[in-house]
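Read-outs: derived from the displayed coordinates by stated rules, not from any lab. From a predicted model like this one, the values you see are computed outputs, not experimental measurements. Cβ sites come from the backbone with ideal geometry, for glycine too, and all protein chains shown count toward neighbours.
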Amino acid sequence: MWRAVDMEQEKHIEIERKYLVCNDSYRQMAVSSVRIVQGYISRDPERTVRVRIKGDKGFLTIKGRPNAKGWSRYEFEKEIDMEDAKELLALCQGSLIDKVRYFVPFGSVVVEVDEFFGDNTGLVIAEIELASENQAFEVPDFIGQEVTQDVRYYNAHLIDYPYKDW
């Protein structure tokens, strides 16, 4: 019984590395982009519950606490009705995150570059999702310092401590 639960959870593990972006060459390399507006129903340190409108779709996501490296954590995401997503955004704590995500294929990965707006204007972060923590990948020239373990760059943290106040 417990092993079945563990195996189920394994398919919901997100492995991700975050980096600051040091130039805008990602714009020319991007194959697509999408506007994202998101808020948090819960920002408990053990789990966050996020509502997101990504383009013309709504999503509800639950994320667990990151592991010691900050690379891996439980993530459960479901698409929800757009009207439900709009209603849930109204219940969110604090302000909303507003950003455009660019999708940049590079080697064996797709780099997702988030350009933030509103109180986080000027912040640009690249995320690389991996199949395992040991997966090797090439880093494009627009990627700078790694900030995976720095909580200041977590979207849930940017609600209370926006980039404009740093």
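When the Cα positions of Cys92, Gly55, Val34 are compared along the charge dipole of the chain, Cys92 comes out farthest toward the positive end, with charges on each C-beta of Lys, Arg, Asp and Glu. Across the stretch 29-38, computed HN-Hα scalar couplings (Karplus, 6.51 cos²θ - 1.76 cosθ + 1.60, θ = phi - 60°) run 8, 5, 9, 6, 8, 8, 7, 10, 10, 9 Hz from first to last residue, x flagging Gly and Pro. Here the label points at Val110 and Tyr161, each 7 Å from Cα along the C-beta direction, are separated by 3.1 nm in the simple model.
Given a Förster radius of 41 Å and the C-beta distance between Glu83 and Gln135 as r, what FRET efficiency does 1/(1 + (r/R0)^6) yield to the nearest 0.05? Before the final figure, lay out each step's value.
On the way: r = 38 Å, r/R0 = 0.93.
Computed FRET efficiency for Glu83 and Gln135 comes out at 0.60.
With a/c under 1.5 counting as rounded, go ahead and sort the stretch 26-80 into rounded, prolate or oblate using the C-alpha gyration tensor (a ≥ b ≥ c being the square roots of the eigenvalues; past the cut-off, prolate if a/b is larger than b/c, else oblate). Don't skip to the end; give the middle numbers.
Numbers: a/c = 2.60, a/b = 1.38, b/c = 1.89.
It is oblate, given that a/c is not under 1.5 and a/b is not larger than b/c.
Where only DSSP H runs of four or more residues are counted, the chain gives -4000 deg cm²/dmol as its mean residue ellipticity at 222 nm, each run worth -39500 (n - 2.57).
Here the extension length gained between Leu91 and Gln145 equals 16.0 nm, from 0.36 nm per residue of separation less the Cα-Cα distance. Here the stretch 15-165 is treated with +1 on each Lys and Arg Cβ and -1 on each Asp and Glu Cβ, and its dipole about the Cα centre works out to around 160 debye. Projecting the Cα positions of Phe106, Ile15, Pro162 onto the charge dipole of the chain (unit charges on Cβ atoms of Lys, Arg, Asp and Glu, taken about the Cα centre) puts Pro162 furthest along the positive direction. Full extension of the segment from Ser42 to Phe117, taken as 0.36 nm per residue of separation minus the current Cα-Cα distance, would add 24.8 nm.
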